[in-house]
1. Can you sort 114, 128, 161 by how many other beta carbons sit within 10 Å, fewest first?
2. Can you sort 99, 174 from fewest to most other Cβ atoms within 10 Å of each residue's own Cβ?
3. Please arrange 122, 81 by how many other C-beta atoms lie within 10 Å of their C-beta, fewest to most.
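Just so it is clear, none of the values below were taken in a lab; they were calculated from the coordinates. The structure presented is a predicted model; accordingly, all values stated were derived computationally and were not measured. For neighbour counting, all protein chains shown are included, and Cβ atoms are generated from backbone atoms with ideal geometry for every residue, glycine included.
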C-alpha cells in the first residue's frame, strides 16, 4: 500500500512538474535483480546464505527422521508398555516435536529468525553500495527519477533507452 501511494504521489508530482515547466523530466529504471545476480559481492553473500540454509535444512531433516523413528518405535511397542511408560514416551515425542518446531522458528521466522538477521547483515552493505551507485549514475545521467523494475512498483512500459541497470553494475564493478 505504501509503494502504491508513493507511485501515485510520484506520478502526480511528475504531472505537476511537467505542466509547470517546459523542461523534460528524465526517468530511468534499473532491474535490481539483475544487478544482485551479477555483482560478485552479492553472488558471494547469496552463496554463503544458501550454504547456511542448506546446513539448517540438514539439521531439520535429521531431527525429523529422529522424530519419525521415535514415533514408529512407540507405535510398535505401545501395546506392550505400561500406561506410565506410554505416557513418558508420548511426552518425549511431544518434546522432540516442540524442539523441531522451535528450531524452525528460531532459524526461519519472518522478523526475528536468524535467516532474516543474516540477510540484513550480509546483504545490507551490498544493497547500500547498489543504492549509492544508482544515485551516482542517476546524477551523471541527469535523471529525475529511477524506478526498480524488479520491485513491487510495476512498470507497464519501459523504453530501453532509459535502462541504467548495466551502467550501475559497471559502476559497482569498477568500484568508483
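1. 161, 128, 114
2. Final ranking by Cβ density, sparse to dense: 174, 99.
3. On the way: 122 17, 81 14.
Lowest to highest Cβ neighbour count: 81, 122.
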